[in-house]
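Colleague: Starting off with a structure, shown below.
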Amino acid sequence: MSKALTSFALVAVLTALLMALSLAVARHGYPYGAIGVRRLDGIADAGTFIPLAAAYFFSALLMMILPIRAASIVLTHIADALFWTAIVLLAAIIGFLIARWAFGQWEVLRAVLNWRFLFAAAIIGCHFVMNELRRNVLLRSLFFVIFAAATLACLFWSFTL
């Protein structure tokens, strides 16, 4: 948990500094700053968590039905990578929003209230409780169905409001 929080904080601070540098350069009229801001804004979208969540929930579904050795391979090679991707992407988005807020763009704080950030919270929360889910047979059976439904929902349902 502390490793995840430290990584989150480090990535958030570094991306906030990068966005602040791009905004400062753009404010002085250099085109490189505007290009940097556009590229960083392209990353900062909560909708990118939906396909990431689908892949994570599918790997969690596999971990519920596979034997322990195969499930550990899925955990170390797929689920961990997707978990760290979600941490870094969420930290980058928060860093971008903090930098924009520091430069006087107050309306970006509403972007934090986007409900699609719940997919990132679901990935992070599931990853922290995955050991408990694997130990109990009843929970394993229940979460097999939940992860199957979540995977199908993320893949086939359009989450537009």
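The values are calculated or read from the model by the stated rules, or taken from the named source; none is laboratory data. All values reported here derive from a predicted model rather than from experimental measurement. As a convention, Cβ positions derive from the backbone with ideal geometry for all residues, glycine included, and neighbour counts pool all protein chains shown. Protein only, heavy atoms only, side chains kept; ligands, DNA and RNA dropped before computing areas. Shrake-Rupley method; radii C 1.70, N 1.55, O 1.52, S 1.80 Å.
Colleague: Considering the stretch 91-114 alone, what residues qualify as being without any contact (Cβ under 8 Å) to a residue 12 or more places away in the chain and within 23 Å of ALA153 (Cβ to Cβ)?
Modeller: Scanning the stretch 91-114 gives a single hit, LEU113.
Here is a yes/no grid of residues against (1) farther than 14 Å from ALA9 by Cα; (2) among the acidic types (Asp, Glu):
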site	(1), (2)
MET64	yes, no
LEU75	yes, no
ILE78	yes, no
ALA92	no, no
ILE98	no, no
PHE103	yes, no
GLU107	yes, yes
ARG110	yes, no
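Colleague: Tally the residues that are in contact with a helix residue (DSSP H, G or I) (Cβ under 7 Å, 6 or more places away or on another chain), under 21 Å from ASP45 (Cα atoms), open to solvent by less than 100 Å² (accessible area, probe 1.4 Å) and assigned to a helix (DSSP H, G or I), restricting the search to the stretch 144-161.
Modeller: So the count comes out to 3.
Colleague: Inspect the stretch 70-90 for any residue being without any contact (Cβ under 8 Å) to a residue 60 or more places away in the chain and farther than 30 Å from SER141 by Cα and give the result as yes or no.
Modeller: Yes, the conditions are met somewhere in the stretch 70-90.
Colleague: Could you grab the pairs with beta carbons closer than 9 Å, sequence gap of 6+ or different chains, first residue in the stretch 128-143 and under 15 Å from ILE68 (Cβ atoms) and surrounded by 15 or more Cβ atoms within 10 Å (Cβ to Cβ), second one among the small types (Gly, Ala, Ser) and at pLDDT 85 or above?
Modeller: MET130/ALA60; MET130/ALA79; LEU133/ALA60; ARG134/ALA71
Colleague: Looking at (1) at pLDDT 90 or above; (2) in contact with a Leu (Cβ under 9 Å, 6 or more places away or on another chain), which is the one condition that is false for SER22?
Modeller: Status for SER22: all satisfied but (1).
Colleague: Quickly run through the stretch 9-29 and pick out the residues that are closer than 14 Å to ILE93 by Cβ and open to solvent by 60 Å² or more (accessible area, probe 1.4 Å).
Modeller: VAL13, LEU14, LEU18
Colleague: Moving on. Output the residues belonging to the stretch 22-67 that are closer than 30 Å to ASN136 by Cβ and free of Cβ contacts under 8 Å to residues at least 24 places away in the same chain.
Modeller: Quick first cut of the stretch 22-67, residues closer than 30 Å to ASN136 by Cβ only: 49-67.
Those that are closer than 30 Å to ASN136 by Cβ and free of Cβ contacts under 8 Å to residues at least 24 places away in the same chain: SER59, LEU62, LEU66, PRO67.
Colleague: Exactly one of (1) part of a helix (DSSP H, G or I); (2) closer than 30 Å to ARG27 by Cβ is unmet by ALA122. Its number?
Modeller: (2)
Colleague: Which one is farthest from PHE57 (Cα to Cα) among residues in the stretch 109-120 that are open to solvent by less than 60 Å² (accessible area, probe 1.4 Å) and not aromatic (Phe, Trp, Tyr)?
Modeller: Within the stretch 109-120, the first condition is being open to solvent by less than 60 Å² (accessible area, probe 1.4 Å), and the residues that meet it are 111, 114, 116-117, 119-120.
With the extra rule that they be not aromatic (Phe, Trp, Tyr), the set shrinks to 111, 114, 116, 120.
Values: ALA111: 25, ASN114: 21, ARG116: 15, ALA120: 11 Å.
Of everything passing the filter in the stretch 109-120, ALA111 is farthest from PHE57 (Cα to Cα).
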